[in-house]
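Take a look at the structure set out below.
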Amino acid sequence: MPRKTVPDLQRMKAENHKIAMITAYDYTMARLVDMAGVDMVLVGDSLGMVVQGAEDTLSVTLEDMIYHSRCVSRGLTKAHLTVDLPFMSFQISPAQALENAGRIIKEGHAQSVKLEGGERSAAAIRAIVQAGIPVVGHVGLTPQSLHALGGYRLQGRGAEAAKRLIQDSLAVEEAGAFCLVLEMVPADLASRITEELAIPTIGIGAGVGCDGQVLVCNDLLGLDSSFKPRFVKRFAELEAPVADAVKAYIQDVREGTFPGVEHSFVRKHPAPRLARVY
Ligand code: KIV
């Protein structure tokens, strides 16, 4: 089965099939989520926190995104690959946005790019789409605007903010994006936007009314027990089993019970004695 395309994903909305999207940052995870049958894989700039251990996404570079995109693309056979344009790689001008989107496609082997912002990013989206590169929009909580927003907060709470969010979503669709991520948006507002738009919406902290959902792979696998925001559901608790496996390995190494004979390469003939030359 070939990789999912933009028309495939748009058809899913038309046919009322929910889209499952997940982040991945390397070949191994990409292979696993692809085997499980996910529809879309996002190389998110969340890799700043999840892979690089940074506090936020702001220091992630275009080169980082291209590198991880290339790794992930090698693990995918069926899922559509979309990749974030990181902070300051598209905000300066539509020409900058197009050039960098082109690098993600050419060098990172992605099928589409994702970028944050509503009306303010419409010109960049238009320039990229006109060059034949599909774009995923992203409104609501946009982590690259962390300092302007004052933290990772629910967006579109009041009537004015909700109206602005609807306008932003429409602007992204009008600019030509084929899909829209809604992050940390009240569920009723996300449902309303989903009904208004012809393109699929993918929610994270945006309720069940969206056309699809996205989660960070490390969050849904429970790899960090200290991180549990309200919108995350852990489908596994892998932190403890991973730590236990590593502890068992350390113990075996220290006690000399690993490697066993079955892990060792044994010669048919004993090793020859080495004659010392004085
Ligand atoms: O960077 C990311 O992982 C994202 C998703 C959480 C939507 O943008």
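The values are calculated or read from the model by the stated rules, or taken from the named source; none is laboratory data. Fair warning: this is a prediction, and the values are worked out from it, not measured in the lab. Using ideal geometry, Cβ is built from the backbone for each residue, glycine included, and neighbour counts are taken over all protein chains shown. Just the protein is used for accessible areas: all its heavy atoms, side chains included, with ligands, DNA and RNA removed. Shrake-Rupley method; radii C 1.70, N 1.55, O 1.52, S 1.80 Å.
Local charge for residue 244 was computed over the other residues whose Cβ lies under 14 Å away, with Lys and Arg +1 and Asp and Glu -1, and equals -2.
Of the solvent-accessible surface of segment 68-187, computed with a 1.4 Å probe over protein heavy atoms with every protein chain present, carbon and sulfur atoms account for 55 percent. Its Cα gyration tensor gives segment 222-268 an equivalent ellipsoid, and the semi-axes of that ellipsoid, as √(5λ) in whole Å with the largest first, are 37, 11, 5. Packing around the peptides 238-244, 102-108, taken as the average count of other Cβ atoms within 10 Å per residue, puts them in this order, highest first: 102-108, 238-244. Restricting segment 131-171 to trypsin sites (Lys or Arg not before Pro) that sit in a DSSP loop and have at most 15 other Cβ atoms within 10 Å of their own Cβ leaves 153, 157. Measuring between alpha carbons in the structure, the pairs from 78/247; 18/78; 18/233; 13/78; 78/106; 78/228 lying more than 24 angstrom apart are 78/247; 78/228. Applying D = kT/(6 pi eta Rh) to the chain, where Rh is the Kirkwood radius over alpha-carbon pairs, T corresponds to 25 °C and eta to 0.890 mPa s, the Stokes-Einstein value obtained is 121 µm²/s. Solvent-accessible surface (1.4 Å probe) assigned to residue 92 amounts to roughly 120 Å².
Shown is the FRET efficiency for residue 246 and residue 271, computed with R0 = 35 Å from the Cβ-Cβ distance and rounded to the nearest 0.05: 0.60. Under a 5 Å amide H cut-off, with hydrogens placed 1.01 Å from N, residue 206 pairs with 184, 185 among residues at least 5 apart or on other chains. Between 218, 100, 16, the residue with the greatest mean-square fluctuation in the GNM of the chain (Cα pairs under 10 Å linked by springs) is 16.
Given their separation in residues at 0.36 nm each and the Cα-Cα distance between them, residue 91 and residue 31 gain 18.4 nm when the chain is fully extended.
Since only 94, 260, 6 are under comparison, the one whose Cα sits farthest along the positive direction of the charge dipole of the chain, derived from C-beta charges on Lys, Arg, Asp and Glu, is 260.
Under the convention that each Lys and Arg Cβ holds +1 and each Asp and Glu Cβ holds -1, the size of the dipole of the chain around its Cα centre is about 920 debye.
Considering only 32, 249, 151, and ranking their Cα positions along the charge dipole of the chain that arises from unit charges at the beta-carbon of Lys, Arg, Asp and Glu, the one farthest toward the positive end is 249.
As an equivalent ellipsoid, segment 124-208 spans semi-axes of 21, 15, 11 angstrom, where each value is the square root of five times an eigenvalue of the C-alpha gyration tensor, largest first.
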